[in-house]
Amino acid sequence: MSRKPAKKIKAEIPPNKEEATELKNKSANLHLLKGMKDILPSDQKYWDFIFDTVRNLGTDYSYSRIETPVMEQTNLFVRTVGKETDIVEKEVYTFTDKGGESVTLRPENTASVARAYNEHGFITFPQPVKVYYYGPFFRYSRPQSGRYRQFWQFGFEVLGEEHPVVDAQLVFLAHQFFKAIGLKVSIQINSIGCPSCRENFRQVLVDYFRSKKRNLCEDCKRRLTKNPLRLLDCKEAGCQEISQEAPQIVDYLCEECREHFVQVLEYLDSLEVAYTLNPYLVRGLDYYTRTTFEIWPEAEEISAQSSLGGGGRYDNLVESIGGRPTPAAGFACGVERIILRLKNKNVPVPQIPPPDVFLAQLGVSARKECLKLFEKFREKKIRVAEDFAKDGIKDQLSRASKQGVKLAIILGQKEILDGTVLIRDMEDGVQEVIDAQKIVPEVRKRLEKLKGEEKGDEEEKQDEGKVN
Ligand code: HAM
């Protein structure tokens with residue numbers, strides 16, 4: 001069989017300054033959508049830190065991971081989050097798909113989790129069912145710092161149990177998350193009762209606010225008829241002032257709801273968690289019953305986009321979308337807001353460790369040998385960096401030091417002939433010749449030694465800290 005001569009391929013040359021500007025101009029019309037964010041490699045350490053912490057807590061508290069689609073039937077959110085809420089009224093991305101069905105990009109996940117609970121017969125599992133999730137959500141609101149049109153949440157939900165200890169343990173779990181990542185927060189808590197105690201309260205509230213109608217913002221004037229409870233958590237200064245004197249829902253709770261709330265607080269007290277009773281905390285989603293809570297940055301005035309997380313009990317949600325009566329509770333937190341806070345407060349987060357070793361090569365045979373050596377290291381779980389497309393050793397070693405790699409393996413024509421490799425300590429530049437057959441155990445030995453030295457240095461630093 002005759003082989004066709006290999007086609008000459010022009011090497012990909014990186015653009016020079018003028019070409020780069022031209023390319024940038026050409027793509028000027030293509031840009032990120034407003035309110036959307038790229039999560040760049042330099043930020044991944046924050047995302048890893050948060051999701052690792054969420055997964056660890058999920059395992060510790062026996063939650064299983066659940067993932068639901070980013071798109072659902074529009075009616076799911078209309079019937080749960082509520083037709084008259086800001087989220088459904090103003091913020092959902094809703095469109096008709098090619099099959100003529102109205103679909104919505106999920107603005108939150110509690111409704112989807114409840115749908116999945118019904119659809120997959122979770123009611124037949126031992127109750128309660130405990131799940132956690134993280135993923136992207138979509139709300140078309142005015143973008144600003146901490147408020148995006150695509151944002152990430154993680155959340156924990158407990159379905160099938162009404163005992164107040166569940167609410168308290170969820171609040172505690174949220175508290176433990178923030179403690180684990182090193183952020184100080186304040187827990188705000190309230191009870192908005194069940195539909196029957198809320199009905200009594202609703203009238204009292206409307207009477208109070210109606211008498212102040214002239215001074216309410218336009219949104220609150222509409223809320224008077226559509227969603228009076230939300231008058232209490234308006235962020236407008238004028239409305240907040242009026243709310244100060246408003247009747248408080250805790251004074252209108254029925255006996256069972258009051259007892260439930262008292263017990264939630266007693267469990268929290270026994271866990272020694274600090275919290276603030278906040279009578280204005282009614283939350284912006286219609287499905288809540290009884291306990292509501294939010295996590296705010298510590299010692300700060302709340303603004304519309306500063307709440308780091310929120311949740312509560314939603315005893316009627318599962319039934320409202322066709323399931324059996326299923327009491328439930330949960331919370332979710334906004335990842336971007338948490339990361340902003342970590343950065344503002346300079347909270348140290350674990351760094352993604354540099355690769356263990358860099359493979360540098362000179363010449364075609366060495367490059368081929370290095371491709372194989374890379375796999376050998378990878379199989380032995382030694383993390384390798386490389387820049388196989390480069391020819392110059394100097395360039396390759398400079399890349400190795402930029403990546404913070406401690407050891408480099410150098411392979412050239414001479415080493416191939418001798419069956420050796422050079423091993424270079426990147427800190428002091430000392431190079432040694434090693435038998436190529438022994439390279440993997442030798443690298444492992446040196447890495448362990450380096451790790452031991454680093455640990456010793458760390459302990460010494462800590463001891464010095466103690467003495468000072
Ligand atoms: P939520 O209060 O609407 O509750 O959202 C929870 C958190 O998501 C907020 O505290 C905030 O940190 C973040 N968040 C919300 N909207 C945005 C946005 N536009 N940009 C950035 N971050 C945002 C819920 O979603 C409920 N599903 C929580 C829940 C779970 N209740 C019971 N279980």
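The values are calculated or read from the model by the stated rules, or taken from the named source; none is laboratory data. Computed from a predicted model, the values in this text were never measured in an experiment. Cβ: placed from backbone, ideal geometry, glycine included. Neighbour counts: every protein chain shown. Remember, those area values only see protein heavy atoms, side chains included, never the ligands or the DNA or RNA. Shrake-Rupley method; radii C 1.70, N 1.55, O 1.52, S 1.80 Å.
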Inset, instruction - Could you check, for segment 408-427, whether at least one of its residues is open to solvent by less than 30 Å² (accessible area, probe 1.4 Å) and in a loop (DSSP other than H, G, I, E, B)? - result: yes
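Which one of Leu40, Leu105 is within 30 Å of Lys226 (Cα to Cα), free of Cβ contacts under 8 Å to residues at least 40 places away in the same chain and under 23 Å from the mean Cα position of the chain (by Cα)?
Values: Leu40 fails: within 30 Å of Lys226 (Cα to Cα).
After ruling out the rest, the residue left standing is Leu105.
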Legend entry - Candidates Glu108, Glu67, Glu101, filtered to the one that is touching a helix residue (DSSP H, G or I) at 6+ places or on another chain (Cβ under 9 Å), surrounded by fewer than 18 Cβ atoms within 10 Å (Cβ to Cβ) and not hydrophobic (A, V, I, L, M, F, W, C): Glu101
Legend entry - Given (1) within 16 Å of the ligand (Cβ to nearest atom); (2) over 26 Å from the mean Cα position of the chain (by Cα); (3) small (Gly, Ala, Ser), index of the condition Ala237 fails: (1)
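Would it be correct to say that Leu265 is modelled with pLDDT of 95 or more, more than 16 Å from the ligand (Cβ to nearest atom), open to solvent by less than 40 Å² (accessible area, probe 1.4 Å) and within 23 Å of Pro327 (Cβ to Cβ)? Working first, answer last.
Numbers: modelled with pLDDT of 95 or more: yes; more than 16 Å from the ligand (Cβ to nearest atom): yes; open to solvent by less than 40 Å² (accessible area, probe 1.4 Å): yes; within 23 Å of Pro327 (Cβ to Cβ): yes.
Taking the combined requirement at face value, the residue satisfies it.
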Inset, instruction - Looking only at segment 36-50, count how many residues are in a helix (DSSP H, G or I) and surrounded by 11 or more Cβ atoms within 10 Å (Cβ to Cβ). - result: 8
Legend entry - Hey, Leu342 surrounded by fewer than 24 Cβ atoms within 10 Å (Cβ to Cβ) and more than 10 Å from the ligand (Cβ to nearest atom) or not: yes
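Here's the yes/no breakdown for (1) more than 20 Å from Ser243 (Cα to Cα); (2) in contact with a His (Cβ under 7 Å, 6 or more places away or on another chain); (3) open to solvent by 10 Å² or more (accessible area, probe 1.4 Å):
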site: Gln127; (1), (2), (3): yes, no, yes
site: Phe138; (1), (2), (3): yes, no, yes
site: His175; (1), (2), (3): yes, no, yes
site: Val185; (1), (2), (3): yes, no, yes
site: Ile189; (1), (2), (3): no, no, no
site: Lys212; (1), (2), (3): no, no, yes
site: Lys221; (1), (2), (3): no, no, yes
site: Arg230; (1), (2), (3): no, no, yes
Inset, instruction - Inspect all residues belonging to segment 171-185 and state whether any of them is away from the ligand (no atom under 12 Å from the Cβ) and without any contact (Cβ under 8 Å) to a residue 24 or more places away in the chain. - result: yes
Inset, instruction - List the number of the failed condition for Ala274; all other conditions in (1) in contact (Cβ under 8 Å) with a residue 12 or more places away in the chain; (2) open to solvent by 20 Å² or more (accessible area, probe 1.4 Å); (3) farther than 25 Å from Thr110 by Cα; (4) over 28 Å from the mean Cα position of the chain (by Cα) hold. - result: (4)
Inset, instruction - Can you tell me which residue within segment 114-142, out of those that are more than 12 Å from the chain's Cα centre (by Cα) and near the ligand (Cβ under 8 Å from one of its atoms), is farthest from Ala174 (Cα to Cα)? - result: Ser141
Inset, instruction - Considering every residue within segment 143-159, establish whether at least one is assigned to a loop (DSSP other than H, G, I, E, B), within 12 Å of the ligand (Cβ to nearest atom) and open to solvent by 60 Å² or more (accessible area, probe 1.4 Å). - result: yes
Inset, instruction - Within segment 381-401, track down each residue that is open to solvent by less than 90 Å² (accessible area, probe 1.4 Å) and not small (Gly, Ala, Ser). - result: Ile382, Val384, Glu386, Asp387, Phe388, Lys390, Ile393, Asp395, Gln396, Leu397
Inset, instruction - Specify which of the listed residues (Leu362, Leu371) is buried (at least 20 other Cβ atoms within 10 Å of the Cβ) and more than 10 Å from the ligand (Cβ to nearest atom). - result: Leu362
Inset, instruction - Go through (1) assigned to a loop (DSSP other than H, G, I, E, B); (2) farther than 18 Å from Glu89 by Cβ; (3) charged (D, E, K, R) one by one and return the number of the condition Lys235 breaks. - result: (2)
Inset, instruction - Just one of (1) open to solvent by 30 Å² or more (accessible area, probe 1.4 Å); (2) outside any helix (DSSP H, G or I); (3) closer than 19 Å to Thr85 by Cα trips up Gly193, so point out which. - result: (1)
Inset, instruction - May I ask you to list the residues in segment 99-113 that are part of a loop (DSSP other than H, G, I, E, B) and within 12 Å of the ligand (Cβ to nearest atom)? - result: Arg106, Pro107, Glu108, Asn109
Legend entry - Which numbered condition Thr53 misses (of (1) open to solvent by less than 50 Å² (accessible area, probe 1.4 Å); (2) polar (S, T, N, Q); (3) at pLDDT below 95): (3)
Legend entry - Top-ranked residue in segment 84-98 [being free of Cβ contacts under 8 Å to residues at least 12 places away in the same chain and outside any helix (DSSP H, G or I); ranked as least open to solvent (accessible area, probe 1.4 Å)]: Asp97
